[in-house]
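All of the numbers you see were taken from the coordinates with simple rules; none came from a lab. None of these values were measured; they are calculated from a predicted model. Glycine also receives a Cβ, built like all others from the backbone with ideal geometry; neighbour counts cover every protein chain displayed.
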Amino acid sequence: MLKNAMWASLAMLIAVPLSATAQDGTTTEKKHKLEYKFAQGQTDKYRVRITGSNSGMMSLTLKGEMMMEQKDKSYDADKKVGKVTQNITSVKLNLDMGGQKQEYDTEKGGGAEGNLLKGAAENIKGESTLTVQATGKVDKVESKKSAKANPLKAALGASAIPYDMVRLPAKEVKVGDTWTFTSENKVKDSMGQESVMKIKYTYTLKRVANKDGDDIATITMVITPDLKVMPGGMGGKVTKAGGKGSASFNMTKGYLRSCNYSVSIEGKSEFAEGDAAKMKSKQGFNIRRIEKKEK
């Protein structure tokens, strides 16, 4: 039951002549094409951070960091489909479950016997090959590790970072336009009860500005989770859920610069009353491309 609770908690935790231009250089009327571009041989490095906490019947806090290398292997210009290899080279996890603390770092290894994080961290680490559309829709994920043996990667969508977090519009958009994407994942609570969690992302193109010769899009995000049971919630029912965030995207070169968002889920336990029945889960996600000038 303890492992089920942990997995459930971890899973919740990853711009023309007609244009009007503002004084800060932001284009407000011109339509823009946002798409991931796959330049063969291009390698990008990202730092991914996740945070999560549960309060109520089960007190839990999780912090994690992953280093990821992404290499573009090929691109079919006619189909607008690229093939990318992603290698999660290191994973650090820290867990505080009711005052009982554990940590694991794949770079250091070791760890005490019975460390719940060791298997999770080692399974997240590794290489996958993704077939990805220019919008970020992932058609195929190939990995030597099975999804069943890798619950955090399967539930969080770590094998599809950043595409399932920042999905781009199929059509050209202008500043102020919105588009949506809905993801679906099966999740289990600590009692093993399974349900489908849907997450709707509503994106808005907030602005486009030129930086060092590249057009950079700022995108805001509204996140609407749709799930019936609390993550790791001992049967708790969800009463309120929502989140928001933002992303920065290099339109000229076609890659994600950064993305940051947080989600809060509130619920009520079926096994308590009053304030004791109140439950809350918070998740945070941050990914940032490491520029070559950084060490």
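Remarks
- Size check on the stretch 32-90: the Cα extents along the three principal axes, sorted descending, read 53, 28, 17 Å.
- Taking a Cβ cut-off of under 14 Å around ALA134, the surrounding Lys, Arg, Asp and Glu residues balance to a net charge of +3, with basic ones at +1 and acidic ones at -1.
- Cβ-Cβ FRET estimate between ASN250 and LYS144, R0 fixed at 35 Å, reported to 0.05: 0.65
- Estimated inter-spin distance, GLU29 and GLU69, nm [label 7 Å along Cα→Cβ]: 4.8 nm
- Length gained when the stretch SER258-LYS80 is fully extended (0.36 nm per residue, less Cα-Cα span): 61.8 nm
- Placing R0 at 35 angstrom, the Cβ-Cβ distance between GLU270 and THR89 gives a FRET efficiency of 0.25 after rounding to 0.05.
- Inter-site label distance for THR178 and LYS237 at 7 Å from Cα along Cβ, in nm: 2.8 nm
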